[in-house]
Every structure is written in C-alpha cells, then in structure tokens.
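A.B. asks: Please find one structure pasted underneath; my questions will follow.
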There are 2 protein chains.
Amino acid sequence: YIRNSRSIGSSASVLERSRARTRYKGLQGFLTYNTGGVTTGVFFSGSPDLASQVRHRSFVMAAKTANNLVSGFRKCVDLCNDAAGLRGTYIPFEVEGTTVGFILPSFASHLMEHGDVFKATEAGLQLSSDLATPEARTEAVANVLAGLRDCGLVPGWRDELFPVATSFSAEPALLIERAAASLFGIKAYGVHINGWVRRQDGSRAMWVARRSRTKQTWPGMLDHIVAGGQPHGISPTENVVKECGEEAGVPPALAAAARPAGAVSYECVNTDGGLKRDVMFVYDLELPEGFAPEPQDGEVEEFFLWPVERVMQVVAEGGHYKPNCAIVIIDFLMRHGYVAPEEEGYLELLAGLRQGECS
Amino acid sequence: YIRNSRSIGSSASVLERSRARTRYKGLQGFLTYNTGGVTTGVFFSGSPDLASQVRHRSFVMAAKTANNLVSGFRKCVDLCNDAAGLRGTYIPFEVEGTTVGFILPSFASHLMEHGDVFKATEAGLQLSSDLATPEARTEAVANVLAGLRDCGLVPGWRDELFPVATSFSAEPALLIERAAASLFGIKAYGVHINGWVRRQDGSRAMWVARRSRTKQTWPGMLDHIVAGGQPHGISPTENVVKECGEEAGVPPALAAAARPAGAVSYECVNTDGGLKRDVMFVYDLELPEGFAPEPQDGEVEEFFLWPVERVMQVVAEGGHYKPNCAIVIIDFLMRHGYVAPEEEGYLELLAGLRQGECS
C-alpha cells in the first residue's frame with residue numbers, strides 16, 4: 001500500500017526521523033497539531049470544519065500534559081490486575097477433574113473439615129465425586145457455606161447465586177453464593193454501562209454516579225451510571241435493562257438502546273484475600289440530552305453529567321473511581337478515539353484491558 | 001447491585017433456568033426478541049421507538065441463522081492465528097541480547113553465510129556485536145538482503161523500511177526492508193480504517209474495496225476502504241490521512257475525522273514460510289452519505305457501499321475478505337453492538353482479536 005519508496009541508502013535519515021518519533025514533521029499540505037512536542041492529529045491547513053476536532057484534541061492533550069494520561073490509565077489497569085503472578089499462592093479447586101477456581105490454603109482448610117463435600121487432592125481441593133449432579137453440589141456447598149457464614153468466614157452474604165463454570169458459555173458445575181465467589185476464585189461476570197450524551201456542539205459527556213457513603217463496598221466513590229453483577233438465569237442484555245431501571249430509573253425503552261461493545265477482564269486480590277477473576281460485559285448507552293438518571297434506592301447518592309474529557313482526567317488521576325469502573329471507562333476512551341496510538345504505551349494499555357482470562 | 005435475592009433453597013429452579021441459557025424467558029413488562037430460540041434483545045412492549053432496533057436485530061439474527069455468525073467469525077480469527085503453537089519451529093533472532101524476531105532455520109542458514117553480520121548462538125541467530133549502532137546494523141543487513149533478493153530468496157521487494165524493535169514504543173535496533181519482515185519474524189504494524197456511513201433511517205453501511213485482480217497479494221479480494229503498512233518516521237494518525245488520500249481519494253479534511261479505536265493483533269505463517277506478527281491500529285471513519293471514495297492508482301478495482309449486516313454475512317461466510325481485514329471488521333462489529341454477549345463463544349472471539357503480542 002505504501003508507495004513512498006525509500007532507498008536503503010537513505011536509511012540513516014529514516015532512522016533519524018524514527019528516533020524523533022515524538023517529533024514528527026508535518027506532511028506537505030497539512031498542519032500537525034502539537035502539544036508538548038507530540039503530534040496527535042493532522043489537519044488540512046485552514047479547514048474550519050475541524051475546529052471542534054482541534055478543540056477536542058486540545059483538551060485531551062491538556063489532560064495529558066497535566067496528568068500523564070496513559071501512565072495514569074496504566075496504573076488503574078495494574079491496580080485491577082494485582083493478582084498477576086500470585087496464582088501460585090492459591091490451590092486449584094476442581095469439580096470432576098476440571099479446575100473451576102483457586103482457593104487460599106487457609107480457607108481450604110476450613111472447607112476440608114467437611115469431608116463429605118470437599119476432598120484434598122495432591123495439588124488442591126476437589127468436590128466429592130459422590131456429588132454427581134449440579135443440584136447436589138449446589139446444595140451441599142450451600143450448607144457448608146451457611147455454616148462458615150455464621151462463623152463470620154463468608155462476609156457480605158448476598159443471597160444470590162453465581163454459576164461455577166470454566167467459561168461463560170459452559171454449563172455450570174454448580175451454583176454458589178455470590179459472596180463466596182472470590183473465596184473460591186471462580187470467574188464472575190458483570191455488566192457495565194457507559195451512559196453518554198452527544199451534545200449539540202459535537203462534544204460528548206458521560207453520566208457519573210457517586211456511590212452512597214453508606215454502601216458496604218467502595219462507599220462514596222465514582223461509578224458508572226449503571227453496573228451490576230450478572231445473575232444466573234437471565235441474559236446480559238436483559239440484565240442491562242433490569243439494572244438500568246433499578247439503579248438509575250432509565251426506562252426500558254431507553255435502556256434497550258444500549259449496545260454491547262465487548263468486555264474487560266482482570267484478576268485481582270479481593271479484600272477477603274480471595275482471587276477475584278472478573279469479566280465485565282461492556283455496553284455503550286447513548287442517552288438524549290434531556291434525560292437525567294435518578295437514584296432509586298439509596299445505593300447511589302447522586303448523578304453528574306461530566307464532559308468526557310473531565311472523566312478522563314479524573315480517571316487518570318486515580319483514587320476517585322471504583323477501580324473496575326476506571327478500566328471500563330479507559331476501554332470506552334480507547335474505543336472512541338480519546339487516546340491516540342502514538343501515545344507511548346498505547347498498545348500495552350490496550351492489552352491490559354483483557355489481562356484476565358476472557359472466556 | 002443485584003437486589004433480586006434468591007434463597008439457597010430455590011437453587012434447583014435457578015439451575016433449571018441456567019441450563020436454559022439459550023431459552024431465556026422475558027422479564028415482566030418486556031418483550032424478548034427471539035430468533036431460532038435465542039433471545040437477542042429485550043424490548044419494552046409496544047414501544048414504537050424501537051422498531052428500527054428490532055429491524056436491525058432481525059437482520060443480525062437472520063445472518064446468524066443462515067451462516068452461524070460467531071462460528072464463522074471464529075474461523076476468520078483462527079485463520080489469522082495459524083502460527084499458534086508453531087513458535088518452536090522458528091529460532092529466535094537477537095540484537096544485543098534481546099529477541100526481536102523469529103526465523104526459519106532454512107532462512108537462517110542463508111544468513112549465516114554472512115559471518116560478519118549474522119552469528120549463530122546456542123538457541124538461535126544474532127546480529128554481530130561489531131555492529132554497534134542502528135545505522136551500521138541497518139546498512140549491513142540491507143547489503144545481505146540485497147544479495148538474497150537477487151537470488152530470489154526475498155520475494156516482493158518493496159523498497160520500504162520497517163523498524164525492528166521489541167514494541168511499537170521502543171527504539172528500533174535497526175530498520176529492515178518490508179519484504180523481509182516476516183522472514184525475520186519481526187513485529188509489523190499497520191493502519192486499517194473502517195469507513196462507515198450513518199444512513200437517515202439509523203442503519204449503518206460500510207465501504208468495501210475490491211482489490212485489483214492484478215495485485216500481487218490477495219488479488220480480487222475484499223478490503224477496507226483504506227489500509228496500509230505503518231512506515232517509519234510518521235505517526236499512525238498521519239499515515240491514516242496519507243493513505244486515505246492515496247488509496248481512496250478521501251480529502252484530508254474528511255480523513256482527519258478518523259478516530260482511533262484500538263488495535264487487533266495476530267500471528268500467522270506467511271506465504272514465504274516466515275512468521276507474520278502483525279499489530280493493526282484500527283480507526284473508525286464516519287463519512288457523509290454524499291461522499292464516495294474513488295480508486296486512485298489501480299490497486300483498488302472498485303468501491304461498494306454495503307449495509308453493515310451484509311458485510312457481516314460476507315465476513316462470516318469466509319473466503320471473500322483479505323483475512324486480516326475480516327478480523328478488523330469483526331472488531332468493528334463487536335465494538336458497535338452487532339454481536340450479542342449471549343452468543344456462544346462471544347468472549348473467546350473477543351479474546352482472539354488480540355491473540356498476537358499486542359505491544
């Protein structure tokens with residue numbers, strides 16, 4: 001495709017230019033847009049159509065200069081992947097010879113006290129083969145966990161069941177109380193919705209929720225307009241509509257316009273010491289300028305509408321957003337052109353968004 | 001976030017529902033949209049706003065039923081990753097102790113005839129440490145390759161230099177003729193532009209190029225509106241504007257609206273037997289309905305504008321698109337909501353889009 005051929009003889013000057021990757025020269029007939037010496041856009045000289053594009057890039061670059069955008073984003077991704085290299089700390093949890101989770105030895109020792117349900121193996125822990133059906137396994141494990149809950153060993157009981165399976169498509173080997181998901185290191189799924197607004201001037205804004213200060217997890221932190229665990233028995237798309245209504249008062253007719261846009265996956269150490277192996281289905285929901293979400297149930301304190309550029313700065317700064325929301329927003333920013341491929345570490349940042357097992 | 005609690009006692013019925021993952025029941029107050037027994041959308045009963053959404057889904061599902069959409073996509077991804085597990089066939093190529101490529105032993109034996117440039121190591125091949133600068137390495141390797149080209153061992157000479165580096169951000173150890181990139185198994189970069197049109201009825205269409213039947217590679221196959229290798233010395237964004245003009249007559253003012261949207265990476269065995277380790281920067285370019293691209297130089301035979309749903313069917317059917325274009329289009333479809341997370345294999349398909357080293 002490239003027809004600008006260069007002779008080998010000119011390799012030195014090409015190298016010269018290559019070293020100056022951060023100091024690209026403009027192509028003939030173009031104006032390059034520079035901030036801090038980095039070319040982040042190319043514009044045809046004098047085109048007024050591009051004023052808003054330039055304004056947008058300008059904001060992006062101001063954020064970059066102030067906060068070191070990609071390196072701030074990278075920290076968010078790393079924070080969500082702090083279990084990298086720690087798999088060896090956990091022992092495999094098997095059902096019928098297949099590893100479905102990873103457990104801390106200290107928690108496994110509590111489980112092993114129930115020898116009719118959990119058996120030690122050479123490498124880890126397995127469910128008794130006497131439990132031959134998903135129903136039998138679900139019931140037996142539930143009984144053990146209810147006892148451990150009463151001893152305070154399974155905090156944050158939800159009365160909600162998550163599937164235990166090797167992948168989202170696979171048949172579950174059993175269902176397990178949500179609060180124990182990371183204690184067993186099983187894969188857990190959720191839906192995160194980027195609620196955004198296209199403003200008349202072409203700029204974009206994103207709805208931000210502030211979590212209630214009395215919420216058990218991440219109180220007072222910033223969150224998506226809507227996000228939630230993926231319960232069993234309904235599809236992710238159905239879950240999006242349900243959560244939109246329950247959490248933000250988004251009417252189903254609006255919520256149904258949410259478009260799936262991929263997934264983000266990560267592995268971190270949970271507050272209970274367990275391995276949190278999460279896959280978040282990501283949706284983009286374009287909302288009309290006139291619509292405002294409303295807190296429904298005391299879980300969200302308030303909703304803001306912020307320019308995407310402000311969201312970006314706040315994410316890069318770190319410490320304000322619930323960590324998994326931060327990486328879903330980074331995914332949004334990368335999919336929608338808010339981060340330029342010429343930024344150092346762009347590809348590594350992108351790869352980091354699916355660092356956990358994506359299946 | 002989930003407040004629909006269920007008691008452990010009801011686990012059997014939850015399991016029942018979970019097994020029926022492909023037969024979700026509609027939530028109260030909603031109509032689910034089914035085709036072939038698969039719920040792919042949820043719509044509020046009787047909302048006329050959603051007619052076009054329903055039409056869109058209907059088309060998607062028709063394609064799915066006809067062609068087994070995700071499994072067709074999966075074949076495209078696998079085709080681009082046919083080197084998976086073959087790394088052992090190649091020997092590492094090192095510069096100053098760092099592996100920057102992978103070479104077939106048969107090609108390495110030709111290189112080793114030039115003992116002043118290439119040295120055998122215990123595990124592979126390295127550049128002579130006498131070549132201490134990027135310029136010296138570039139020139140020495142160019143001289144060897146020119147000789148091999150004259151013997152017919154480096155087909156398709158381009159007179160264009162690619163950087164040899166561990167990642168896109170890293171300083172290149174040397175530059176090397178593009179035609180030899182896969183013979184050395186170095187990482188190569190490119191830009192692919194999804195040129196799409198938002199029609200008045202809300203549907204979307206995508207520009208398709210048919211490659212010239214006289215083109216050396218993939219003659220007559222379908223292609224992106226614009227795509228090209230990433231040459232050294234200009235940024236990907238500059239390259240997009242340059243290629244848009246050269247390949248499709250897209251004026252710079254229009255081309256500058258292209259938004260970066262991530263990257264796709266894969267590893268395949270090239271026609272020369274070498275290891276093709278490609279990272280494609282992906283851009284979405286929304287074009288006005290009135291604009292039509294024009295073949296500029298005989299590389300493209302003609303341009304079509306197809307409904308995205310038709311592009312989707314043709315990609316899933318396989319054999320029509322240049323393979324790496326197919327996976328960039330799959331990435332577009334997944335980012336823009338054309339594939340539903342409840343489709344079996346959705347997450348594995350997504351993970352497959354960055355199966356090659358993304359750095």
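The values are calculated or read from the model by the stated rules, or taken from the named source; none is laboratory data. All of these numbers come straight from a predicted model, not from anything done at the bench. Here Cβ is always computed from backbone atoms with ideal geometry, including for glycine, and neighbour counts include all displayed protein chains. We work out accessible area using only protein heavy atoms, side chains counted, and drop any ligands, DNA or RNA first. Shrake-Rupley method; radii C 1.70, N 1.55, O 1.52, S 1.80 Å.
A.B. asks: For a 18 Å ceiling on Cα separation, which of these pairs sit above it: A:K119/A:K276; B:K276/B:K322; A:K75/A:K187; B:K215/B:K322; A:K187/A:K242?
C.D. replies: With Cα atoms farther than 18 Å apart: A:K119/A:K276; A:K75/A:K187; A:K187/A:K242.
A.B. asks: Here is a further query. Return the long-range amide H neighbours of A:F162 (sequence gap of 5 or more, or a different chain), with a cut-off of under 5 Å between placed amide H atoms.
C.D. replies: Amide H to amide H, under 5 Å and 5 or more residues apart or across chains, A:F162 pairs with A:I176, A:E177, A:R178.
A.B. asks: Roughly how many whole Å is it from the C-alpha centroid of segment A:73-128 to that of segment A:313-359?
C.D. replies: 28
A.B. asks: Give me the percent relative contact order of segment B:91-180, please, defined on Cα pairs under 8 angstrom at least 6 residues apart.
C.D. replies: Relative contact order comes out at 24 percent.
A.B. asks: Are there GluC sites (Glu not before Pro) in segment A:291-334 that DSSP marks as loop and that have at most 15 other Cβ atoms within 10 Å, and which are they?
C.D. replies: Within segment A:291-334, no GluC sites (Glu not before Pro) qualify (loop, at most 15 other Cβ atoms within 10 Å).
A.B. asks: Using amide H atoms built in the peptide plane, which far-off residues or other-chain residues are under 5 Å from A:G101 H to H?
C.D. replies: A:F93
A.B. asks: For the full complex of protein chains and a 1.4 angstrom probe, list A:M312, A:M221 by accessible area with the highest value first.
C.D. replies: Sorted descending by solvent-accessible area, the residues read A:M221, A:M312.
A.B. asks: Now a separate question. Using a 1.4 Å probe and counting only protein heavy atoms, how much accessible surface gets buried when B and A come together, both sides summed, in Å² to the nearest 100?
C.D. replies: Chain pair B/A: roughly 9400 Å² of buried accessible area.
A.B. asks: Probe radius 1.4 Å, ligands and nucleic acids ignored: give me the carbon and sulfur share of the accessible area of segment B:106-198 as a rounded percent.
C.D. replies: 49
A.B. asks: OK, next. For B:G356, enumerate residues with amide H under 5 Å from its amide H, sequence gap 5+ or separate chain, H modeled in the peptide plane.
C.D. replies: Under 5 Å from the amide H of B:G356: B:S265, B:Y266, B:E267.
A.B. asks: Another question, if that's okay. Among the GluC sites (Glu not before Pro) within segment A:88-151, which fall in a DSSP loop and have no more than 13 other Cβ atoms within 10 Å of their own Cβ?
C.D. replies: Counting only loop positions with at most 13 other Cβ atoms within 10 Å, the GluC sites (Glu not before Pro) in segment A:88-151 are A:E96, A:E113, A:E122.
A.B. asks: When you look at the Cβ of every residue in A:207-219, what mean number of other chain Cβ atoms sits within 10 Å?
C.D. replies: Taking all residues of A:207-219 together, the mean is 0.
A.B. asks: Here's a follow-up. Classify segment A:91-180 from the C-alpha gyration tensor, please: rounded if a/c falls under 1.5, else prolate or oblate depending on whether a/b exceeds b/c.
C.D. replies: rounded
A.B. asks: In segment A:132-176, what residues drop by 50 Å² or more of accessible area when the other protein chains are put back, versus the chain on its own? Use 1.4 Å, and skip ligands and nucleic acids.
C.D. replies: Residues losing area: A:E135, A:D159, A:L161, A:F168, A:S169.
A.B. asks: What residue of chain B has the nearest C-beta to the axis that moves B onto A, and what is that distance in Å, given as a whole number?
C.D. replies: Taking Cβ atoms only, the nearest residue and its distance are B:R335, 3.
A.B. asks: May I ask which residue of A:P295, A:A326, A:V282 lies farthest towards the positive end of the charge dipole of segment A:259-351, with charges of +1 (Lys, Arg) and -1 (Asp, Glu) on Cβ and the Cα centre as origin?
C.D. replies: Going by the charge dipole, the pick is A:V282.
A.B. asks: Under 15 Å from a point 7 Å along the Cα-to-Cβ line of B:R149: which residues of segment B:237-254 have their amide N that close?
C.D. replies: Zone members listed by number: none at all.
A.B. asks: What is the dipole size for segment A:91-180, taken about its Cα centre, with +1 at each Lys and Arg Cβ and -1 at each Asp and Glu Cβ, in debye to the nearest 20?
C.D. replies: 260
A.B. asks: Turning to a different aspect of this structure: What is segment A:158-250 by shape, rounded, prolate or oblate, if you read a ≥ b ≥ c off the alpha carbon gyration tensor as root eigenvalues and call it rounded for a/c under 1.5, prolate for a/b larger than b/c, and oblate otherwise?
C.D. replies: It comes out prolate by the Cα gyration axes.
A.B. asks: With a 1.4 Å probe and all protein chains left in place, how much accessible area per residue does segment A:243-359 have, in Å²?
C.D. replies: In whole numbers, segment A:243-359 has 29 Å² accessible per residue.
A.B. asks: Express the accessible area of segment A:91-180 per residue in Å², computed with a 1.4 Å probe while the remaining protein chains stay in the model.
C.D. replies: Value for segment A:91-180: 42 Å² per residue.
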